[in-house]
Amino acid sequence: MLEKQIADKIKKIRKSKGYTLDQLGRLTDLSKGLLSRIENCQVSPPIATLSKISHGLEVPIGIFFNVEETTGEEGYAVTLKNERRPINRRGITAELDYYSLSSLKSDNLIEPFVVKYPVTQKKPTKLYDHPGEEFLLVLKGKINFIYGKKIIRLETGDSIHFDPSTPHRGQNAGKTESECLVIVIDKEKE
């Protein structure tokens with residue numbers, strides 16, 4: 001249901017800006033075919049791909065996750081722990097659960113998420129890249145953070161601040177679920 005909402009929002013925003021799939025593809029470095037499959041809910045895009053789409057459409061990435069967004073008239077948005085909106089994914093990132101931490105609607109520079117990494121023995125086959133800056137803090141457990149050709153072990157309390165234009169991905173490295181705070185920063189909105 002939420003995946004359909006994300007697909008519909010992408011299509012609605014793209015059309016409201018008068019972009020064709022070809023034009024959005026050129027703005028995002030994504031293929032027309034992939035964008036079409038995303039809009040038709042045949043593919044569930046990872047956060048990195050959504051970041052590229054939000055950048056191309058010039059909207060905050062959180063707009064895709066929030067059913068109800070606050071306008072920011074008060075200057076803040078509170079998201080209680082039990083009100084976090086889970087984003088369950090299919091396909092290549094099906095093993096990860098994303099939770100949006102903000103419902104503030106504006107030209108935000110940051111987009112905060114909690115990402116849960118279940119125990120897995122699979123080696124990651126795909127890395128992700130997108131513009132901006134990114135910060136990851138391990139809240140519980142431990143992960144192997146793949147950054148280009150490097151593998152960096154991070155444990156509870158460890159963090160990494162990095163340039164996400166280098167292909168990257170986190171993966172659980174323990175025997176229990178890991179959980180990370182991830183903040184994506186869109187430098188182009190500064």
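The values are calculated or read from the model by the stated rules, or taken from the named source; none is laboratory data. Because the structure is predicted, anything quoted here is derived from the model rather than measured. Note: ideal-geometry Cβ built from the backbone for every residue, glycine included; neighbour counts use all protein chains shown.
Looking at the structure I just gave you, is ILE87 at pLDDT below 95, outside any loop (DSSP other than H, G, I, E, B) and over 22 Å from ILE61 (Cα atoms)?
So ILE87 does not fit the description; no.
Where residues in region 165-190 are acidic (Asp, Glu) and buried (at least 17 other Cβ atoms within 10 Å of the Cβ), which of them is modelled with the highest pLDDT?
Ranking the qualifying residues of region 165-190, first place goes to GLU179.
Any residue at all in region 21-31 that is touching a residue at least 12 places away in the same chain (Cβ under 8 Å), under 16 Å from the mean Cα position of the chain (by Cα) and in a helix (DSSP H, G or I)?
Scanning region 21-31, I find at least one residue that is touching a residue at least 12 places away in the same chain (Cβ under 8 Å), under 16 Å from the mean Cα position of the chain (by Cα) and in a helix (DSSP H, G or I), so the answer is yes.
When you go through (1) touching a strand residue (DSSP E or B) at 6+ places or on another chain (Cβ under 8 Å); (2) assigned to a loop (DSSP other than H, G, I, E, B); (3) farther than 23 Å from ILE63 by Cα one by one for LYS175, which number turns out not to apply?
Here LYS175 clears every test but (1).
Would you pick out the residues in region 121-142 that are surrounded by fewer than 17 Cβ atoms within 10 Å (Cβ to Cβ), at pLDDT 85 or above and more than 17 Å from the chain's Cα centre (by Cα)?
LEU139, LYS140 - these are the residues of region 121-142 that are surrounded by fewer than 17 Cβ atoms within 10 Å (Cβ to Cβ), at pLDDT 85 or above and more than 17 Å from the chain's Cα centre (by Cα).
Restricting attention to region 110-141, which residues are basic (Lys, Arg) and assigned to a loop (DSSP other than H, G, I, E, B)?
Scanning region 110-141 gives LYS122, LYS123, LYS126.
I'd like to check something: does region 7-18 contain any residue that is at pLDDT 85 or above and assigned to a loop (DSSP other than H, G, I, E, B)?
yes
Please specify each residue of region 144-189 satisfying the condition of being in contact with a Ser or Thr (Cβ under 6 Å, 6 or more places away or on another chain) and among the polar types (S, T, N, Q).
ASN172 - this is the single residue of region 144-189 that is in contact with a Ser or Thr (Cβ under 6 Å, 6 or more places away or on another chain) and among the polar types (S, T, N, Q).
Could you look through region 32-54, keep only residues that are part of a loop (DSSP other than H, G, I, E, B) and in contact with an Asp or Glu (Cβ under 7 Å, 6 or more places away or on another chain), and pick out the one that is farthest from PRO167 (Cα to Cα)?
CYS41
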